[in-house]
Amino acid sequence: MPSRDGAISRALSFFDDGGYAALLSRLVAIPSTSQDPEHASALPRYLEEGLSAWVRKLGFEATVHPNPKPGFGPILTATRIEDPSRPTILLYGHGDTVRGLDDQWHDGLKPWQVTDAGDRWYGRGTADNKGQHALNLAALEAVLAERGGKLGFNVKLVIETAEERGSQGLRDFVAAHKDLLAADALIASDGPRVEPDMPTITTGTRGTWHCDLAIRLRPGGVHSGHWGGLTRDPAVLLCHAIASIMDRNGKILVRDWLPAGGVPPKVKALLDGCPIGGGGEAASVDEGWGEPGLSAAEKIYGWQSFIVLAMVSGRPENPVNAVAPDARAHCQIRYTVDAPVDRFEAALRAHLDAHGFDFVKIENAAIRMPASRTEAEDPWVIFARDSLARTLGRKVQVIPNSSGGLPGDVFVDHLGVPLVWIPHSYSGCKQHGPDEHLLKATAREGIASFAGIWWDLGESGAPGRRS
């Protein structure tokens, strides 16, 4: 008789016998970076050659749509409807990657080729996000085989190819296709677990707000000997302005950026005992950095961070003996849904003015990716947590939002779905740098976990349709 254990066993056999490694190699070999114009043709290739034929074989009706915003990659939708009275799950992923950075990988490693190295697979997209959505679809295939071609629920799939450029066009696309994409819940995978061996559910993401801080004092540089000590240096002034925003220990000093009541009690309770670490050689947790009185988990899952992403004055690659005419820093705030993001720019302007930096301009201020959050008590979150715990036999850590960003807000705003993100990676995977990789043990648990979830969705105990 078909069984839950049988479905999980099928998924694990596919993984253990080399089927998943071969699938991952095929997908990674398509150089679908959205950040390099010379690889633009690989974006539709990934959707057509990489995924469409496969999901059609699984009984989906699939279509590749142009992006509503010219110059950005296409979007794949696929639907598999067995019974409209049963729950419908929206499965999301992105087929685009960051740049390959070919010349920065260690010897023997290449971005567009999967390299099997001990406990991990190296290659661009192995962790972000090809490897993750491939695991979920492979698990779905295993459940279909175990149930004789039936699931017992409905699935809709969205794979975009502009996520690494801020998911440009996705909001407009989802708004225009609300009926096509209507679902009861989004269950998908991206980002890292809190630790490599700790199953994790994330119910949202932090948002990102960006701005440039600029000082322009004169049309051009002036001789550092004749004018040094007499004329203002924009780089020094900008450093002092930034120092007024954050102290030397990482505490944000623009207090109007922060949630008025601190970390909400429900978020604190959820993060009580939540570990942070397991990032391997890429980990960097500096004790004493950030908001005083918060745990490490609260700092990245329940609070704001201010980061200077880039800063320039003069020409660092070819310095000249001159006091530079200007200085500029590109800054970012990672924020939760509890923060007053609509007041970020005004609060910063007031802060700079009050500290004597009225000459610092704030430019290009905007939200790049809004924050999102589903309550941990949502029936779909509880369902997924219990299913994972049953499959893996240990505690599942639920966090209120991941530390990074994803376009979950788009699906909440236009489809009204709860968000259940189940990551299959870890924080040391180097997903945006050279040597990106996927841990085999974490991936193996991922395919087993989703086989269990897909099976449980076909049973009577799954949450019903949302009104």
To the nearest 0.05, the calculated FRET efficiency linking Arg390 and Lys150 through their beta-carbon distance, R0 being 25 Å, is 0.70
When a/c is below 1.5 the answer is rounded, else prolate if a/b is larger than b/c, else oblate, so apply that to the stretch 386-432 with a ≥ b ≥ c taken from the square roots of the Cα gyration tensor eigenvalues.
-> oblate
Gain in span if fully extended, His226 to Arg255, counting 0.36 nm per residue against the direct Cα distance = 6.3 nm
Between exposed GluC sites (Glu not before Pro) in the chain, where DSSP calls loop and at most 16 other Cβ atoms lie within 10 Å, what's the longest gap?
-> 83-286
How about the stretch 139-191: which trypsin sites (Lys or Arg not before Pro) there lie in a loop by DSSP and see at most 15 other Cβ atoms within 10 Å?
-> Lys150
How much accessible surface area, in Å² rounded to 10, belongs to the heavy atoms of Met198 with a 1.4 Å probe?
-> 40
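What's the extension gain from Ser85 to His240 if we count 0.36 nm per residue and subtract their Cα-Cα distance?
Fully extending the segment from Ser85 to His240 adds 49.7 nm.
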Please list, or write none, the lysines whose alpha carbon is within less than 22 Å of the alpha carbon of Lys430, excluding same-chain residues fewer than 8 places away.
-> Lys110, Lys130, Lys299, Lys440
Express as a percent, rounded to the nearest 5, the fraction of DSSP beta bridges in the chain (both residues included) that run antiparallel.
-> 75
If one computes P(r) from the Cα atoms of the stretch 1-124, what percent of pairs lie at distances over 18 Å?
-> 65
Cα centroid of the stretch 282-343 to Cα centroid of the stretch 79-129, whole Å | 28
Fraction of alpha-carbon pairs in the chain farther than 40 Å apart, rounded to whole percent, equals 23
Please find the FRET efficiency linking Asp103 to Phe359, where r is the Cβ-Cβ separation and R0 is fixed at 25 Å, and quote it to the nearest 0.05.
-> 0.05
Could you work out the helix-only [θ] at 222 nm for the chain, with each DSSP H run of four or more residues adding -39,500 (n - 2.57) and the total divided by the number of residues, to the nearest 500 deg cm²/dmol?
-> -8500 deg cm²/dmol
With R₀ set to 30 angstrom, the calculated FRET efficiency between the beta-carbons of Lys69 and Ser284, to the nearest 0.05, is 0.30
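Please identify every one of the chymotrypsin sites (Phe, Trp or Tyr not before Pro) in the stretch 162-228 that sits in a loop by DSSP and has no more than 13 other beta carbons within 10 Å of its own beta carbon.
none
Relative contact order for the chain using alpha-carbon pairs under 8 Å, separation at least 6, rounded to a whole percent? Each step should come with its number before you reach the end.
Values: 987 pairs, mean separation 121.7, N = 467.
Taking the mean separation of contacting Cα pairs over the length of the chain, I get 26 percent.
Subtract the Cα-Cα distance of Ala366 and Glu49 from 0.36 nm times their separation in residues, and report this length gain in nm to one decimal.
Here the segment from Ala366 to Glu49 would lengthen by 110.5 nm.
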Quick one: how many Å² of Val337 are accessible to a 1.4 Å probe, rounded to 10?
-> 70
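Would you mind telling me the share, in percent, of accessible area of the chain contributed by carbon and sulfur at probe 1.4 angstrom?
Result for the chain: 51 percent of the exposed heavy-atom area is carbon or sulfur.
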How large is the accessible surface per residue of the stretch 1-150, computed with a 1.4 Å probe and reported in Å² as a whole number?
-> 41
Once you have the alpha carbon radius of gyration of the stretch 303-424, what is it after dividing by 2.2 N^0.38 Å, with N set to its residue count?
-> 1.53
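The values are calculated or read from the model by the stated rules, or taken from the named source; none is laboratory data. Computed from a predicted model, the values in this text were never measured in an experiment. Virtual Cβ from ideal backbone geometry, glycine too; neighbours counted across all protein chains shown. All accessible areas refer to the heavy atoms of the entire protein, side chains included, with ligands and DNA or RNA removed. Shrake-Rupley method; radii C 1.70, N 1.55, O 1.52, S 1.80 Å.
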